[in-house]
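These notes concern the structure reproduced below.
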Amino acid sequence: MSGRIVVLGGSGFLGSHLCDQLLARGDDVVCVDDFSTGRRANVAHLHDHAGFTLVEADISLGIPVEGSVSGVCNLASPASPPDYLALPLQTLAVGSEGTRHGLELAARHGTRFLMASTSEVYGDPDVHPQAESYWGNVNPVGPRSVYDEAKRFSEALTMAHHRTLGTDVAIARIFNTYGPRLRPDDGRVVSNFLLQAMRDEPLTVYGDGSQTRSLCYVEDEVRGLLALFDSNLTGPVNIGNPDEHTVIQLARTIIDLLGSSSTIEHLPLPTDDPTRRRPDITVARAELGWEPSTSLEDGLHRTAAYLAEDAGIADPHGVA
Ligand code: UDP
């Protein structure tokens with residue numbers, strides 16, 4: 001049965017792909033965004049869609065959505081480290097007050113609330129891979145805490161609503177995701193490396209590059225979020241790709257894939273940069289029948305094609 005779903009942060013990298021998938025399956029979408037890190041261009045192709053409404057608002061101040069609501073998905077937050085480090089107070093506000101407003105909207109309409117949480121709740125994990133039962137190792141006063149603790153608070157608030165008011169909720173823990181609509185200036189590893197490789201500039205590896213990340217292609221990620229949203233699970237549920245790489249391996253893979261003449265330049269490791277990260281997706285596989293299916297090579301090609309066009313790169317090394 002189709003409904004009218006409110007996507008908070010719907011013009012962002014992940015949110016805009018969620019809007020696409022919801023509309024494609026017949027839901028109506030109300031996209032709410034303040035365009036602090038999301039881009040108008042991400043949803044420009046949806047403006048003529050009869051089922052699409054755009055509301056410009058900062059959800060930490062309130063959510064001015066009228067009419068029926070049959071679900072709320074909260075993807076509103078800066079998510080790239082350079083973004084949340086540049087917007088520390090806003091990140092804490094959207095994770096706390098923004099999440100509260102989202103929960104209240106869902107509760108008022110007696111509908112389901114999906115919280116997009118993060119693998120950052122595990123901090124620099126001393127358990128590997130990370131299962132949902134692991135409580136994490138987060139520095140509460142370090143620079144990254146504005147994001148990590150905002151999301152941990154979001155999870156706590158979501159569970160408190162569920163326990164005390166019976167609000168129907170689900171928590172997804174999203175691991176590193178990449179794909180088209182990453183902003184060229186986003187600052188995350190995949191967009192940085194692809195743009196640097198296409199420009200034959202040195203790839204900026206932070207630290208010695210031995211830290212690991214596990215990268216999920218955006219369409220797989222959003223398919224997983226929807227599977228959780230459509231289920232009866234509360235979670236938290238890890239939604240990510242267990243395909244783990246060191247950062248230096250990723251740099252070499254991208255140089256080879258694009259036939260780039262880039263070299264590798266080592267820069268200082270950011271404070272509290274997690275040393276390893278890989279999701280245990282046993283729960284998602286068993287309970288949601290979900291797993292990622294896009295290979296790293298395919299995903300990188302599609303992302304490179306998007307970034308080349310978006311950044312106006314004339315000769316992106318044969319990237320179509
Ligand atoms: N990183 C890097 N060079 C870059 C950007 C990121 O070496 O130009 C590293 C970063 O230090 C981290 C990993 O790549 O270890 C992933 O960083 P990203 O910002 O994409 O996301 P995070 O997992 O840290 O939130």
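Listing for the model above:
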| quantity | calculated |
| --- | --- |
| Qualifying residues in the stretch 199-217 (those that are more than 11 Å from the ligand (Cβ to nearest atom) and buried (at least 23 other Cβ atoms within 10 Å of the Cβ)) - the one nearest to ILE313 (Cα to Cα) | TYR217 |
| Selected residue (criterion: nearest to GLY62 (Cα to Cα)) from residues of the stretch 1-24 that are of a type in the set (A, V, I, L, M) and either under 17 Å from the mean Cα position of the chain (by Cα) or buried (at least 21 other Cβ atoms within 10 Å of the Cβ) (or both) | LEU8 |
| Single match in ASP220, ASP185, ASP200 (criterion: part of a loop (DSSP other than H, G, I, E, B) and either closer than 24 Å to TYR147 by Cβ or in contact with a helix residue (DSSP H, G or I) (Cβ under 7 Å, 6 or more places away or on another chain) (or both)) | ASP185 |
| Options VAL72, VAL127: the member that is away from the ligand (no atom under 15 Å from the Cβ), surrounded by 18 or more Cβ atoms within 10 Å (Cβ to Cβ) and not acidic (Asp, Glu) | VAL72 |
| In the stretch 39-81, the residues that are in a loop (DSSP other than H, G, I, E, B) and either of a type in the set (Asp, Glu) or under 22 Å from ASP185 (Cα atoms) (or both) | ARG39, ASP48, ASP58, GLU66, LEU75, ALA76, SER77, PRO78, ALA79, SER80 |
| Any hit, the stretch 263-283, residues being more than 15 Å from the ligand (Cβ to nearest atom) and hydroxyl-bearing (Ser, Thr, Tyr) | yes |
| Pairs where the first residue, in the stretch 190-212, is on the phi > 0 side of the Ramachandran plot and the second is modelled with pLDDT of 95 or more and within 8 Å of the ligand (Cβ to nearest atom), C-beta under 6 Å, 6+ apart | GLY207/LEU269; GLY209/VAL247 |
| Selected residue (criterion: farthest from the ligand (Cβ to nearest atom)) from residues of the stretch 229-255 that are free of Cβ contacts under 8 Å to residues at least 24 places away in the same chain and over 24 Å from PRO274 (Cβ atoms) | ASN232 |
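Every residue, every condition in (1) of a type outside the set (D, E, K, R); (2) part of a loop (DSSP other than H, G, I, E, B); (3) within 13 Å of the ligand (Cβ to nearest atom); (4) in contact with a Gly (Cβ under 9 Å, 6 or more places away or on another chain), yes or no:
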{"site": "ASN139", "(1), (2), (3), (4)": "yes, yes, no, yes"}
{"site": "PRO143", "(1), (2), (3), (4)": "yes, yes, yes, no"}
{"site": "LYS151", "(1), (2), (3), (4)": "no, no, yes, yes"}
{"site": "ALA156", "(1), (2), (3), (4)": "yes, no, no, no"}
{"site": "MET159", "(1), (2), (3), (4)": "yes, no, no, no"}
{"site": "HIS162", "(1), (2), (3), (4)": "yes, no, no, no"}
{"site": "ARG181", "(1), (2), (3), (4)": "no, yes, no, yes"}
{"site": "PHE193", "(1), (2), (3), (4)": "yes, no, yes, no"}
{"site": "ALA227", "(1), (2), (3), (4)": "yes, no, no, yes"}
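The values are calculated or read from the model by the stated rules, or taken from the named source; none is laboratory data. Worth saying up front: this structure is predicted, and the values here are computed from it rather than measured. Here Cβ is always computed from backbone atoms with ideal geometry, including for glycine, and neighbour counts include all displayed protein chains.
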